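This report refers to the structure that appears directly beneath it.
The values are calculated or read from the model by the stated rules, or taken from the named source; none is laboratory data. Everything numeric here is computed off the predicted structure, so don't read it as measured data. With ideal geometry, Cβ positions are generated from the backbone for all residues, glycine too; neighbour counts draw on all protein chains shown.
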Amino acid sequence: MKNKIYLLSASLMVATFSFFSCVSSGEKETGKDEIEKKVENLLGKMTLQEKIGQMNQLSPYGSEEEMYALVKEGKVGSFLNIVNAEVANKIQKTAVEQSRLGIPVLMARDVIHGYKTIFPICLGQAASFNPDLVRESARVAAIEASADGIRWTFAPMIDVSRDPRWGRIAESCGEDPYLTAVLGKAMIEGFQGDSLNDPTSIAACAKHFVGYGAAESGRDYNSTFLPERLLRNVYLPPFEAAAKAGAATFMTSFNDNDGVPSTGNKFILKNVLREEWKYDGMVVTDWASATEMITHGFCKDAADAAKKSLDAGVDMDMVSGAFSGNLENLVKENKISEKQIDEAVRNILRLKFRLGLFENPYVSTPQSVKYSPEHLAKAKQAVEQSVILLKNTNQTLPLNADEVHTVAVVGPLADAPHDQMGTWVFDGEKAHTQTPLAALRAVYGDKVRIIYEPALAYSRDKQTTGLAKAVNAAKQADVVLAFVGEESILSGEAHSLADLNLQGLQSELIEKLSQTGKPLVTVVMAGRPLTIAKEVEESDAVLYAFHPGTMGGPALADILFGKVNPSGKTPVTFPKMVGQLPMYYAHNNTGRPALEKEMLLDEIPMEAGQTSVGCRSFFLDAGSTPLFPFGYGLSYTTFSYGNLKIVSGKLTVSDTLKVSVELKNTGRYEGTEVVQLYVQDKVGSVTRPVKELKRFQRVNLQPGESKQVMFDLPVSELAFWNIDMKKVVEPGDFKLWVASDSQGGLTTEFNVAE
Ligand code: NOJ
């Protein structure tokens, strides 16, 4: 990975050390043996109680005195949710100076898409298809969080998520294992920096291991039923990539898969993670997921939960108290061995040594790194590349400030500084958020007249009183900008929805605005794809911004007025209706795939014969196609693809497929296209997906400019878990597409010989 040069203010230079140059700490780790020696040496001095103390993670509760007393007695290995440098330093001082062995405490926090400077939600960042930018975003988050003593984040969430009813899809990189793996790795590199022991590095946590994104019907915490092959082909690859990238920790998930809760799943935590992947990081439970195994009906009490978690391979218990309350007795009763405890404690101490906590437990980074101009600029850039242009009839966008005199700004998300930050924001403050309304006024207010009528106070608002005012504003304007979507509280953990239509009266608002006949630009801010077929139809242009974070406003204003050309692509399929879910592009073909044109409900004649509708895999009321496919997104300019070539159509497993295509900017604006490479394994020992993303590249072109875009794809990357549950490339014919989304594109074939 190349170092990037980035302009930093002098004050920031001091604290920013390795701003945008990250090499996975796993790959670059030095002094490994040295650390192992230190771990063994320390472990040898520890009592059983001290070891169990290290395995205990707590969130502050009770009085401050109680907290310090526990630290003094060596009864806590990690705290989550302490977000104050002074308190963090006080805790470390207590641990280092007053506990018997002076082992520092590890401070953790959910730093998901920014700490103070909030970046787009991860699903939005994924729409950028830009690992460099995603890495830099995580770096900023690490710098800001570590200034408050946080050295461990519970991110990235790399659960493949194929159901937008699941509120946590907002935290994910979407539906695709490859995109998730690439971006997850980038986040890990950003959080962990050049080396874990840099004071601005924070340990990453690959979560939730595993399958959590496949919760039945998208209902959070729900059971999953993923057979081993699906698990290995779809849900595990991002985690394997995370382990390889040196993710310092893994977190178990809440779900039970086929009856086995992840926190007690030996197959996943031992056989796969430790034995197959040789992972030497640390494994933490999710919040109380150890004792939740009692509720699951998998453990009879907390002691049983502690034993099953430890037997499965968990090292640290997040807040349930199962370890601290039971491990000592379990050892005495010979139900678990001290050797097992030692193994877990090794993993914990190793991490603390890797983080350099023993040499420097204290934080001294200046607080001025928070919301620094550089961080805000990076956050703006992240929004610019995350926003997806879904529709743009008659080139409604970009707006020309010389031609548009009056703009009506309406909708509950136009000026919602809290909600535009999205889910999992504990530390970002809305006072720092720049909303679209504020940015439009600040940047374009001297050129165009802006009339603001929110119509609705928040996304679920059902008060009709404001609608007429908004319509009136629209009538006076040359163009209407409607900011609709979801409040942040509607997505994220425990925020699943059965209905993905716009909440409250937002749909009525769009309908009424559209009836004015004025050009209507709808901007959606949401934590997930919403079912907005009707609103897309009624709008002239649609921008999907997800929850864009602190700098959403300035970025959107620049996109609307054409200073920035949108380049985001859908990281997840947008369904037309909830009933289509789960819906994802990499499905199997079935024996009866849908035809391009299927007979829909209204076309079926009365008393039609049983077989008249075709007997194919589709919905009579929704067809087989989504509202927008995976990988979809327009630009203000247009691109043409041509001259697809592969160097050789006859390959062996050890070869690398070389693909080239000519991309031309055929429009009037400079723009960036995400060129996507998909492959289909035509015949397998088990049925294979209709296509799978294997590579992508962001390519920037001036109007009229062409570039040859090249891809290298080692044939070994076509391996999958086959009928014998072996990961192999099966020789045979493959189809390949180079395309601007997961539908269509240029295509060719190649063959892999024995
Ligand atoms: C529960 C969530 O599932 C997990 O993602 C998070 O990191 C922990 N709580 C800690 O807040």
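Structural remarks
- Residue within region 104-116 that is in contact (Cβ under 8 Å) with a residue 60 or more places away in the chain, within 16 Å of the ligand (Cβ to nearest atom), more than 22 Å from ALA206 (Cβ to Cβ) and under 30 Å from the mean Cα position of the chain (by Cα) present: no
- VAL686 being outside the structural domain of GLN125 (by TED's automatic domain parsing), modelled with pLDDT of 95 or more, β-branched (Val, Ile, Thr) and within 30 Å of THR638 (Cβ to Cβ): no
- Counting only residues that are closer than 23 Å to TYR235 by Cα, free of Cβ contacts under 8 Å to residues at least 60 places away in the same chain and in a loop (DSSP other than H, G, I, E, B), region 723-754 holds 4 of them.
- Residue match in region 354-368 (condition: closer than 30 Å to VAL542 by Cβ, in a helix (DSSP H, G or I) and touching a residue at least 60 places away in the same chain (Cβ under 8 Å)): no
- Every condition in (1) within 16 Å of the ligand (Cβ to nearest atom); (2) free of Cβ contacts under 8 Å to residues at least 40 places away in the same chain; (3) in contact with a Leu (Cβ under 7 Å, 6 or more places away or on another chain) is met by THR295 except one, and the failing one is (3).
- Residue within region 265-272 that is farther than 14 Å from CYS205 by Cβ, among the aromatic types (Phe, Trp, Tyr) and assigned to a loop (DSSP other than H, G, I, E, B) present: no
- Of PHE250, PHE254, all but one fail to be over 25 Å from THR687 (Cα atoms), part of a strand (DSSP E or B) and at pLDDT 95 or above; the exception is PHE250.
- Exclusive hit being touching a residue at least 24 places away in the same chain (Cβ under 8 Å), out of contact with any Phe, Trp or Tyr (no Cβ under 6 Å at 6 or more places or on another chain) and on the phi < 0 side of the Ramachandran plot, set SER496, SER514: SER514
- Looking across region 41-82, the residues that are touching a residue at least 60 places away in the same chain (Cβ under 8 Å) and touching a Gly at 6+ places or on another chain (Cβ under 8 Å) come down to GLN49, GLY53, GLN54, MET55, ASN56, GLN57, LYS75, GLY77, ILE82.
- Region 180-199, subset surrounded by fewer than 24 Cβ atoms within 10 Å (Cβ to Cβ) and polar (S, T, N, Q), residue nearest to VAL134 (Cα to Cα): SER195
- Test: residue in region 175-182 that is small (Gly, Ala, Ser), within 30 Å of ARG350 (Cβ to Cβ) and within 16 Å of the ligand (Cβ to nearest atom): no
Okay, residues lined up against (1) buried (at least 24 other Cβ atoms within 10 Å of the Cβ); (2) within 14 Å of the ligand (Cβ to nearest atom):
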residue	(1), (2)
ASN255	yes, yes
PRO261	yes, yes
ILE268	yes, no
ALA303	no, no
ALA322	yes, no
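- The residue of region 83-92 that is farthest from the ligand (Cβ to nearest atom), among those that are without any contact (Cβ under 8 Å) to a residue 60 or more places away in the chain and of a type outside the set (Asp, Glu), is LYS90.
- Looking only at residues in region 137-174 that are part of a helix (DSSP H, G or I) and of a type in the set (Asp, Glu), the one that is nearest to the ligand (Cβ to nearest atom) is GLU171.
- Only a single item in (1) surrounded by fewer than 23 Cβ atoms within 10 Å (Cβ to Cβ); (2) within 15 Å of the ligand (Cβ to nearest atom); (3) within 29 Å of LYS727 (Cα to Cα) is not met by TYR221, and it is number (3).
- Whichever residue in region 281-292 is aliphatic (A, V, I, L, M) and crowded, with 21+ Cβ neighbours inside 10 Å and, among such residues, is nearest to the ligand (Cβ to nearest atom): VAL284
Each row is one residue, and each column tells you yes or no for (1) surrounded by fewer than 24 Cβ atoms within 10 Å (Cβ to Cβ); (2) part of a loop (DSSP other than H, G, I, E, B).
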{"position": "VAL484", "(1), (2)": "no, no"}
{"position": "GLU493", "(1), (2)": "yes, yes"}
{"position": "LEU497", "(1), (2)": "yes, yes"}
{"position": "PRO529", "(1), (2)": "no, yes"}
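- Residue check, LEU196 out of contact with any His (no Cβ under 6 Å at 6 or more places or on another chain), under 17 Å from ALA247 (Cα atoms), more than 15 Å from the ligand (Cβ to nearest atom) and among the hydrophobic types (A, V, I, L, M, F, W, C): yes
- Residues satisfying the stated conditions in region 490-532, i.e. under 19 Å from TYR544 (Cα atoms) and within 16 Å of the ligand (Cβ to nearest atom): SER491, GLY492, GLY527
- Condition met for VAL686 (assigned to a strand (DSSP E or B) and among the β-branched types (Val, Ile, Thr)): no
- When LYS332 is tested against (1) assigned by TED's automatic domain parsing to the domain that holds GLY149; (2) in contact (Cβ under 8 Å) with a residue 24 or more places away in the chain; (3) among the charged types (D, E, K, R), only condition (2) is not met.
- Selection over region 369-404 of residues that are within 28 Å of the chain's Cα centre (by Cα) and either free of Cβ contacts under 8 Å to residues at least 60 places away in the same chain or at negative phi (or both) gives a count of 23.
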